[in-house]
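The values are calculated or read from the model by the stated rules, or taken from the named source; none is laboratory data. Just so it is clear, the model here is predicted, and its values are computed rather than measured. So basically every Cβ, Gly included, is an ideal-geometry build from the backbone, and we count neighbours across all protein chains shown. SASA here: full protein model, heavy atoms, side chains in, ligands and nucleic acids out. Shrake-Rupley method; radii C 1.70, N 1.55, O 1.52, S 1.80 Å.
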Amino acid sequence: QVQLVESGGGLVQPGGSLRLSCAASGFTLDYYNIGWFRQAPGKEREGVSCISGSDPYTAYADSVKGRFTISRDNAKNTVYLQMNSLKPEDTAVYYCAADPSRFRLCVLRGEEYDYWGQGTQVTVSS
């Protein structure tokens with residue numbers, strides 16, 4: 001069955017870094033656009049970054065641009081989100097999601113994504 005599993009979250013100090021992984025099974029990841037989303041306490045889910053199945057097209061939310069980098073390793077069927085210069089406002093549960101619309105630019109709208117992981121907690125606190 002189609003499954004996405006996030007990992008790599010944890011507690012980090014402001015200014016620190018984390019790398020999140022999204023491992024896909026049940027489908028070939030490079031046929032899909034992959035997005036990272038997050039939901040902070042009391043906030044709506046927001047799009048963070050996405051990468052198109054047709055690399056190298058990527059997009060980032062303004063709030064993370066220049067700090068986060070999305071990438072994919074098709075051989076490992078895994079997408080990564082490298083998060084640098086983390087801020088307390090980055091604290092959230094982070095989800096990866098898959099969109100089969102690989103021939104369109106990926107978008108940071110959750111409605112476009114069909115498959116979702118369970119989420120991994122990222123906490124940025126001193």
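Scan segment 50-75 and report the pairs whose first residue is closer than 18 Å to W116 by Cα and whose second residue is basic (K, R), with Cβ atoms within less than 8 Å and a gap of 6+ or a chain change.
I51/R72; S52/R102; S52/R104; G53/R102
Does segment 20-35 contain any residue that is within 23 Å of V124 (Cα to Cα), out of contact with any Lys or Arg (no Cβ under 9 Å at 6 or more places or on another chain) and open to solvent by 30 Å² or more (accessible area, probe 1.4 Å)?
Scanning segment 20-35, I find no residue that is within 23 Å of V124 (Cα to Cα), out of contact with any Lys or Arg (no Cβ under 9 Å at 6 or more places or on another chain) and open to solvent by 30 Å² or more (accessible area, probe 1.4 Å), so the answer is no.
Starting from residues that are within 11 Å of the chain's Cα centre (by Cα) and under 16 Å from F103 (Cβ atoms), keep the ones in segment 36-56 and report whichever is surrounded by the fewest Cβ atoms within 10 Å (Cβ to Cβ).
Within segment 36-56, the match that is surrounded by the fewest Cβ atoms within 10 Å (Cβ to Cβ) is I51.
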